[in-house]
Amino acid sequence: MGKKLRPVPVEVIAITLVAVLWMLPMLWITALSLQPNRALLRATPLIPTQVTGENYARLFAVSEVPRWLLNSAIVALAITLLTLILSSLAGYAFARIAFPGRKAVFALVMAGMMIPEQALLLPWHEMFASTHLHNTHAALVLPRISGAFGVFLMTQFFKGIPREIEEAAELDNAGRFRTFITIMLPLARPALTTLGIFTFLGAWNDFFWPMVSATRTEMYTITIGLASLQGNFAQSEGLGFLMATVIFASLPVIVLYVIFQRHIVRGVAGGLGA
Amino acid sequence: MADLVLTDVEKHYGDVAALRGVSLDVESGDFVAFVGPSGCGKSTLLRSIAGLESITSGEIRIGGERADLKAPGDRGVAMVFQAFALYPHMTARENLAFGLRNIGLPKDEIARRIGEAARILKIEPLLERRPGAMSGGQRQRIAIGRAIVKEPKLFLFDEPLSSLDAALRVEMRSEIVRLHQRLGSTMVYVTHDQVEAMTMATHIVVLNAGRVEQVGTPLELYRSPCNVFVARFLGSPPMNVLPAEVEKNGGARAELRAADATIAVDRAIPVGTRLFVGVRPEDLHLADDGPFRGEVQVVERLGHRSLVHLSRGDQTLVAECPGDVPVHVGEQIAVAPRERSFHLFDEAGLAIGGG
Amino acid sequence: MRSNRIGLLFVAPFLLPFLIFVVYPLLRSVWFSLHKWDLLGTEKAFVGVGNYRLLAADPFFWSALRNTLLFTFMAVPALVITGLALALVLERPLRLYAGLRAVFFASSVFSVSVVTLIWQVVLDPRRGLLAKAVEVDVLSNRWLAMPAIVVTTVWWGVGFPMVLFLAGLQQIPRAVYEAAQLDHASRWAVLRRITLPALARTTLLVVVMEFIMQFQIFGQVLLLTGGGPSSSTRVLVMYLYESAFRDWQLGYASAVANLLFIAMAVASFFQLRLGAPREAT
Ligand SMILES: Nc1ncnc2c1ncn2[C@@H]1O[C@H](COP(=O)(O)OP(=O)(O)OP(=O)(O)O)[C@@H](O)[C@H]1O
Ligand SMILES: [Mg+2]
């Protein structure tokens with residue numbers, strides 16, 4: 001059969017238009033970020049009339065954005081790394097080692113997943129205030145490694161690995177820890193990747209707790225830094241500069257999204273147990 | 001010297017008794033098959049020997065040494081699992097080397113053993129591949145290779161062929177037998193396939209509900225099963241077993257009545273005794289004057305032979321006849337047993353000798 | 001068999017921070033809420049359920065609850081319907097559609113400050129994108145501020161329900177559609193009689209999950225309107241935030257937090273009940 005030359009269905013055109021409209025805010029602020037600030041006082045066109053890189057150049061010269069990005073990177077990477085380690089250790093034990101009290105402890109941890117962070121924020125604030133640890137990276141990292149979701153995810157994953165593989169390792173004279181490191185962890189790579197991406201994104205975008213804990217500008221994460229820039233743009237002449245900041249600050253997650261898009265989408269869909 | 005000695009091994013899961021006092025001697029160099037119906041404790045017994053399950057009571061000795069208190073890795077056993085349980089992220093070579101590295105063998109010794117195992121199993125071309133890139137039969141060979149390199153005192157197999165397709169199963173069956181002959185090591189093999197057990201093993205252990213029913217060579221078990229359970233478990237189709245009652249008893253002969261037939265056995269049994277008489281389908285043949293008459297219910301034509309099911313009242317008998325036997329469903333026929341082909345069992349099902 | 005006690009060693013590194021940063025704070029929060037605990041005045045008096053009584057009589061609390069529910073009842077249906085519509089359209093295996101799915105999901109990876117910055121500029125009455133079409137200061141308008149926050153939220157978060165619906169759609173066996181085709185079912189009939197009923201479970205789950213997420217709305221409001229105009233967008237978490245970190249009424253704020261926790265725990269319980277059977281399969 002030959003190819004039928006069908007007209008493009010209306011549906012395809014319609015949804016494509018919606019998608020373009022959906023992206024319009026992004027496209028527009030990208031255009032803004034590439035225009036001189038003075039020009040933007042007069043008009044904010046969709047198609048730039050003048051293009052300049054000066055807004056991006058100024059980011060490094062005058063703003064605290066690099067510092068905030070560094071804070072975010074330190075905090076998010078530390079949270080991600082620690083979460084991966086702690087979740088896989090605990091998940092393995094919950095899935096495979098019948099230690100005394102396992103069921104009760106697991107139930108407690110799962111119950112922890114239901115607690116919204118707002119219920120914990122005030123005590124956290126008091127704890128870190130009384131130990132004078134606010135405005136440190138540790139304050140931003142520590143409460144975030146106690147999340148139960150990763151443990152849940154890893155427990156589910158390890159439960160799915162055939163028991164025989166572990167028994168083979170046991171007969172191969174591998175102890176619990178060696179089995180964990182040399183057999184289970186390598187097998188868990190897909191789950192660890194998913195957990196790692198989501199943890200990193202969550203940490204990078206974390207808002208409420210860093211806003212409460214990091215009050216000195218040099219300790220801001222990029223998310224808090226951007227929040228601190230809101231509201232004053234209407235008066236500011238630096239609309240293009242502000243938009244350049246937004247875009248530059250979003251680059252890490254955009255890159256992450258582009259690289260791991262499949263993983264992210266599958267992770268979200270898998271969260272249903274689908 | 002016995003390589004594996006089990007004494008009164010018991011295993012309880014909570015109040016479920018999976019093994020109820022298993023005692024067994026396995027001679028060095030034997031190939032022993034554990035058979036029995038599903039849930040009878042075959043895997044549990046094998047895993048207890050390996051140390052993957054701790055036993056509730058009793059004793060296990062491997063190569064003369066007390067093993068039941070040792071860690072699995074220290075018992076000198078190697079196991080081939082049903083689903084192979086290869087490490088998917090390691091190449092075949094790494095799979096084989098893993099256990100050897102863990103006990104700190106020197107590199108050249110590891111290389112030597114892997115080389116030798118690879119030669120025996122003809123897996124040299126597979127060594128750098130991962131299990132994911134292999135066929136079922138190839139994975140099976142790697143799994144066996146992983147056992148061989150350990151040079152164990154005892155090989156344990158838990159239904160190693162059940163995840164292979166039929167043709168490959170037959171091929172691997174003879175391959176494992178050859179391997180056993182070549183290595184001369186003691187092997188314990190769990191299967192629920194009696195053909196596998198009969199063809200491969202030097203000795204068969206029939207288990208039932210956590211107990212050993214009978215131990216012996218395949219032919220011993222087939223020819224003189226010690227009870228109805230073993231008699232019906234080995235052989236396909238299973239032995240016909242009919243309730244019977246002794247009608248006459250004259251000297252060294254008795255006549256019994258079973259399924260409306262009168263049959264004579266060379267044995268003195270008091271009149272009125274109730275017992276069971278067993279006869280294997282292949283020991284029955286079509287004969288117009290045969291003692292067992294009945295209506296043909298089903299004819300299973302297998303090609304080289306036909307299985308004829310005939311019924312008389314509420315009794316059914318299966319006779320193995322030639323492939324082209326001219327009988328039809330609904331027909332009345334008679335079958336006769338071969339000379340001295342009866343197995344007699346008392347009311348409790350225990351063998352009381354043949355006749 | 002090896003010793004299982006070692007399992008405790010594996011769990012301990014997680015359990016320690018979990019006990020310190022989840023279990024202890026939860027108890028501490030209850031303790032706070034039973035006291036008049038003014039951080040600045042360092043006044044700590046046991047008041048029993050006094051804070052909760054105060055709360056019940058506080059018109060600001062009720063107004064915040066009302067605003068939260070108003071937002072939730074706008075945002076959740078909007079998210080669910082948009083997500084479902086996108087999923088239904090973009091389900092087909094076209095390469096273009098794969099790209100469009102990525103577009104609609106993309107905004108989900110941004111932080112609340114990025115999203116609100118973008119929308120603040122878009123909605124700016126003088127230089128914004130919207131200003132090119134209509135002349136209205138949306139965020140200062142009593143009637144339009146909340147819908148604007150809903151729109152921002154949908155733009156930010158529609159990827160999540162969309163992906164869940166796409167996953168749900170993929171579980172409907174192809175054969176069912178083929179059978180319907182043989183039965184001469186129209187597209188509309190297929191949608192109504194087959195697709196939507198098959199998505200019922202997914203929809204319920206998405207609604208509950210979105211309810212849990214949207215009920216806790218905070219960042220968008222704080223950054224876009226600050227609760228205004230005239231408190232019309234002041235939501236519960238924001239009220240909690242202000243009670244705690246502006247007024248420093250820790251006891252009172254903890255009472256708000258605990259109520260929130262109970263509401264969310266109940267909703268999460270439903271979510272787990274809904275999610276559990278499917279996981280077993
Ligand atoms: N972990 C366990 N907990 C409780 N009961 C168990 C456990 N493992 C096995 N059993 C029980 O012990 C008995 C023996 O099980 P086992 O697995 O040894 O049987 P099997 O002979 O290998 O059967 P199959 O041929 O089906 O593999 C069964 O009744 C089984 O239900
Ligand atoms: Mg078994």
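The values are calculated or read from the model by the stated rules, or taken from the named source; none is laboratory data. Source: prediction; values computed, not measured. Cβ sites come from the backbone with ideal geometry, for glycine too, and all protein chains shown count toward neighbours. The protein model used for the area step is the full one, side chains on, heavy atoms only, and it has no ligands, DNA or RNA in it. Shrake-Rupley method; radii C 1.70, N 1.55, O 1.52, S 1.80 Å.
For the residue pairs A:Lys159/B:Lys153; B:Lys42/B:Lys107; A:Lys159/B:Lys150; A:Lys159/B:Lys107; B:Lys11/B:Lys153; B:Lys70/B:Lys150, the alpha carbons lie more than 27 Å apart in A:Lys159/B:Lys153; B:Lys42/B:Lys107; A:Lys159/B:Lys150; A:Lys159/B:Lys107. Only Cα pairs under 8 Å and 6+ residues apart enter the sum, and on that basis the relative contact order of the range C:51-206 stands at 29 percent.
Rounded to the nearest 20, the Cβ-based charge dipole of the range C:58-275 about its Cα centre (Lys and Arg +1, Asp and Glu -1) stands at 500 debye.
Projecting the Cα positions of B:Ile60, B:Gly14, B:Ala117 onto the charge dipole of the range B:1-121 (unit charges on Cβ atoms of Lys, Arg, Asp and Glu, taken about the Cα centre) puts B:Ala117 furthest along the positive direction. Put simply, the Cα atoms of the protein assembly as shown extend 124, 68, 62 Å along their principal axes, the longest span coming first. Projected onto planes of every orientation and averaged, the convex hull of the alpha-carbon atoms in the range B:213-355 covers 8.6 nm². Computed from Cα atoms alone, the Kirkwood hydrodynamic radius reported for chain A is 22.2 Å.
Quick one: Cα centre-to-centre distance for the range B:68-94 and the range C:207-227, in angstrom? Between the Cα centre of the range B:68-94 and that of the range C:207-227, the gap is 53 Å. Evaluated at 37 °C with a viscosity of 0.692 mPa s, what Stokes-Einstein diffusion coefficient in µm²/s does the range C:1-98 have when Rh comes from the Kirkwood expression over alpha-carbon pairs? Approximately 169 µm²/s, per Stokes-Einstein. Exposed loop sites were defined as trypsin sites (Lys or Arg not before Pro) in DSSP loop states (anything but H, G, I, E or B) carrying at most 14 other C-beta atoms within 10 Å; in chain A the longest segment without such a site runs A:5-215. Computed from the C-beta positions of A:Leu46 and B:Glu128, the FRET efficiency with R₀ = 51 Å rounds to 0.35. Place a point 7 Å from Cα of C:Ile172 in the direction of its Cβ. Which residues in the range C:194-218 have their backbone N less than 11 Å from it? Residues passing the 11 Å test: C:194-200. All alpha carbon pair distances within chain B were sorted into 20 Å bins beginning at 0; the resulting P(r) in whole percents reads 26, 46, 24, 4. 3J(HN,Hα) along the range C:79-91: 5, 5, 5, 4, x, 5, 4, 4, 5, 4, 6, 8, 5 Hz, from the Karplus curve 6.51 cos²θ - 1.76 cosθ + 1.60 with θ = phi - 60°, whole Hz, x for Gly and Pro. Relative contact order for chain B: 15 percent, from Cα pairs under 8 Å spaced at least 6 residues apart, divided by residue count.
Each of C:Arg92 and A:Arg38 was given a label point 7 Å from its Cα along the Cα-to-Cβ line. The distance between the two points is 5.2 nm.
Think of the protein assembly as shown as having a plus end and a minus end, set by charges on the Cβ of Lys, Arg, Asp and Glu; of A:Ile254, C:Val206, B:Val80, A:Ile254 sits farthest toward the positive end of this dipole. Partners of C:Lys36 within straight-line reach, counting lysines whose Cα lies under 27 Å from its Cα and excluding those fewer than 8 residues away in the same chain: C:Lys44.
Can you work out the base-10 log of I(q)/I(0) for the range C:52-191 at q = 0.10, 0.12 1/Å, using the Debye formula on its C-alpha atoms alone? Those come out to -0.52, -0.69, one per q. For the range A:10-56, the Kirkwood hydrodynamic radius from C-alpha pairs, put into Stokes-Einstein at 4 °C and a viscosity of 1.567 mPa s, yields a diffusion coefficient of 109 µm² per second. Simple spin-label estimate for B:His285 and C:Phe60 gives 10.6 nm between the two label positions (7 Å along the Cα-to-Cβ direction from each Cα). Just need the relative contact order of the range A:60-273 here, percent rounded to a whole number, with Cα pairs under 8 Å and 6+ apart. Relative contact order comes out at 34 percent. The calculated P(r) of the range A:137-259, using every Cα pair and 5 Å bins from 0, goes 2, 9, 14, 14, 14, 12, 9, 8, 6, 5, 3, 2, 1, 0, 0 in percent. FRET efficiency for the A:Val20 to A:Thr217 pair, using the beta carbon distance and R₀ = 45 Å, is estimated at 0.75. When the Karplus curve 6.51 cos²θ - 1.76 cosθ + 1.60 is applied with θ = phi - 60°, which whole-Hz ³J(HN,Hα) does each residue of the range A:259-264 get, with x for Gly and Pro? Ordered by residue, 3J(HN,Hα) equals 5, 9, 3, 4, 4, 5 Hz. Spherically averaged projected area of the convex hull of Cα atoms, the range B:167-248: 7.2 nm².
In this structure the amide hydrogen of A:Thr221, modeled in the peptide plane, comes within under 5 Å of no amide hydrogen from residues 5 or more places off or on another chain. Approximating the spin labels as points 7 Å out from Cα along Cα→Cβ, the C:Leu196-to-C:Asp38 distance works out to 5.7 nm. In chain C, the longest principal axis of the Cα atoms and the axis of helix C:236-245 are about 30 degrees apart. This model, with +1 at the C-beta of Lys and Arg and -1 at the C-beta of Asp and Glu, gives chain B a dipole about its Cα centre of some 1300 debye.
Summing Cβ point charges (Lys, Arg +1; Asp, Glu -1) relative to the Cα centre of the protein assembly as shown gives a dipole of roughly 2760 debye.
For chain B, the solvent-accessible area with a 1.4 angstrom probe is 44 square angstrom per residue.
Computed in the context of the full set of protein chains, the accessible area of the protein assembly as shown at 1.4 Å probe radius has 61% of its extent on carbon or sulfur.
Stretched out straight at 0.36 nm per residue, the stretch from B:Ser23 to B:Glu10 would grow longer than its current Cα-Cα span by 3.7 nm. Over every Cα atom in the range A:47-173, the radius of gyration and the widest Cα-Cα span, Dmax, amount to 21.8, 72 Å.
Estimate the FRET efficiency between A:Thr30 and B:Arg338 by the formula 1/(1 + (r/R0)^6), using the beta-carbon distance for r and 60 Å for R0, to the nearest 0.05. My answer for the efficiency is 0.05. Using the alpha-carbon positions of chain C, Rg (one decimal) and Dmax (whole number) come out as 23.4, 77 Å.
With θ taken as phi - 60° and the Karplus curve 6.51 cos²θ - 1.76 cosθ + 1.60 applied, the whole-hertz 3J(HN,Hα) list for the range C:47-60 is 10, x, 8, x, 4, 5, 5, 4, 4, 4, 9, 8, x, 5 Hz, x standing for glycine and proline. Simple rule: put +1 on each Lys or Arg Cβ and -1 on each Asp or Glu Cβ in the protein assembly as shown, find the dipole, and look at B:Val246, B:Ser23, C:Leu224; the Cα lying farthest toward the positive end is C:Leu224.
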